[in-house]
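Asker: Once you've had a glance at the structure underneath, I'll fire off some questions.
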Amino acid sequence: MKVLISAFACSPGAGSEPGAGWVWTRAAALNHDVWLITRRMNALQIEAARKREPGLRLHAIYLDVPPRVRWWLRGEGGFRVQYLIWQILSWRTARRVNTRVGIDVAHHITYAADWMPASACWLGLPSVWGPVGGATGVPWRLWRWLGFRGVLTEAAREVA
């Protein structure tokens with residue numbers, strides 16, 4: 001089976017989201033041909049892991065938001081906008097990969113939040129979304145203690 005994996009965070013030996021991205025990708029690449037789309041910052045660790053395990057059927061595609069955009073969008077809110085831009089770029093990349101190799105299934109792994117988009121699911125292919133975390137919002141009754149910036153963040157999350 002040909003699997004396209006979208007993992008914004010994916011790094012061998014890391015914890016949390018990057019670790020989950022790698023563990024799921026590696027598991028799929030043991031038995032399937034996998035095309036992984038992830039960020040360039042993960043390349044050294046992924047390429048080292050591929051050398052340690054040459055049997056992995058993994059084709060890594062490293063994709064970044066242009067540097068001028070990354071510089072302009074620093075900070076927590078900017079990071080989320082970078083993620084959205086990366087999703088659009090990864091969707092375009094995934095379409096090209098699908099045209100070239102004929103993907104059977106798309107799997108979005110990270111970031112794994114139920115309120116963030118997953119462009120791998122927009123390809124018109126059978127798709128898997130997850131693992132996904134949920135219930136990430138703050139109950140509205142507690143918003144009064146968040147302050148102005150916290151309320152704006154929660155309101156944006158609710159709208160998303």
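Asker: Looking at this structure, is Ile37 more than 21 Å from Val132 (Cβ to Cβ) and in contact with a Ser or Thr (Cβ under 9 Å, 6 or more places away or on another chain)?
Answerer: no
Asker: For the structure I just gave you, tell me whether Ala43 is among the aliphatic types (A, V, I, L, M), part of a helix (DSSP H, G or I) and either in contact with a Leu (Cβ under 6 Å, 6 or more places away or on another chain) or over 25 Å from Leu125 (Cβ atoms) (or both).
Answerer: yes
Asker: Taking the criterion of being touching a Lys or Arg at 6+ places or on another chain (Cβ under 8 Å), open to solvent by 70 Å² or more (accessible area, probe 1.4 Å) and touching a residue at least 24 places away in the same chain (Cβ under 8 Å), would at least one residue in segment 35-48 satisfy it?
Answerer: No: segment 35-48 contains no residue that is touching a Lys or Arg at 6+ places or on another chain (Cβ under 8 Å), open to solvent by 70 Å² or more (accessible area, probe 1.4 Å) and touching a residue at least 24 places away in the same chain (Cβ under 8 Å).
Asker: Next question. Check Leu58, Leu63 and return the single one that is within 18 Å of the chain's Cα centre (by Cα), farther than 25 Å from Gly133 by Cα and open to solvent by less than 70 Å² (accessible area, probe 1.4 Å).
Answerer: The conditions single out Leu58.
Asker: Give me the residue from segment 137-160 that is open to solvent by less than 60 Å² (accessible area, probe 1.4 Å) and of a type in the set (Val, Ile, Thr) and, out of that set, modelled with the lowest pLDDT.
Answerer: Val138
Asker: May I ask you to list the residues in segment 1-22 that are over 21 Å from Asp104 (Cβ atoms) and either of a type outside the set (Gly, Ala, Ser) or in a helix (DSSP H, G or I) (or both)?
Answerer: Phe8, Pro12, Ser16, Glu17, Pro18, Gly19, Ala20, Trp22 - these are the residues of segment 1-22 that are over 21 Å from Asp104 (Cβ atoms) and either of a type outside the set (Gly, Ala, Ser) or in a helix (DSSP H, G or I) (or both).
Asker: Could you tell me whether Arg100 is exposed (fewer than 13 other Cβ atoms within 10 Å of the Cβ) and in a helix (DSSP H, G or I)?
Answerer: yes
Asker: Here are some conditions: (1) open to solvent by 20 Å² or more (accessible area, probe 1.4 Å); (2) more than 13 Å from the chain's Cα centre (by Cα); (3) over 19 Å from Leu4 (Cα atoms). Arg80 meets all but one. Which one does it not meet?
Answerer: With respect to (1) open to solvent by 20 Å² or more (accessible area, probe 1.4 Å); (2) more than 13 Å from the chain's Cα centre (by Cα); (3) over 19 Å from Leu4 (Cα atoms), Arg80 is out only on (2).
Asker: Let me ask another. What do you reckon, is Ala106 at pLDDT 95 or above and open to solvent by less than 30 Å² (accessible area, probe 1.4 Å)?
Answerer: Yes.
Asker: I'm told Ala27 meets every condition in (1) closer than 24 Å to Asn98 by Cβ; (2) out of contact with any strand residue (DSSP E or B) (no Cβ under 9 Å at 6 or more places or on another chain); (3) open to solvent by 60 Å² or more (accessible area, probe 1.4 Å); (4) not basic (Lys, Arg) except one. Can you identify the failing condition by its number?
Answerer: Looking at each condition in turn, Ala27 falls short on (3).
Asker: Filter segment 47-67 down to the residues that are in a loop (DSSP other than H, G, I, E, B) and more than 19 Å from Val3 (Cα to Cα), then identify the one that is modelled with the lowest pLDDT.
Answerer: Pass one, segment 47-67, residues in a loop (DSSP other than H, G, I, E, B): 53-57, 63-66.
Filter again for more than 19 Å from Val3 (Cα to Cα), leaving 64-66.
On the way: Asp64: 91, Val65: 87, Pro66: 82.
The selected residue is Pro66.
The values are calculated or read from the model by the stated rules, or taken from the named source; none is laboratory data. Everything quoted here is computed from the prediction, not taken from an experiment. Note that each Cβ is placed from the backbone with ideal geometry, even for glycine, and that neighbours are counted across all protein chains shown. Side chains are part of the model used for accessible areas, which takes the heavy atoms of the whole protein and leaves out ligands, DNA and RNA. Shrake-Rupley method; radii C 1.70, N 1.55, O 1.52, S 1.80 Å.
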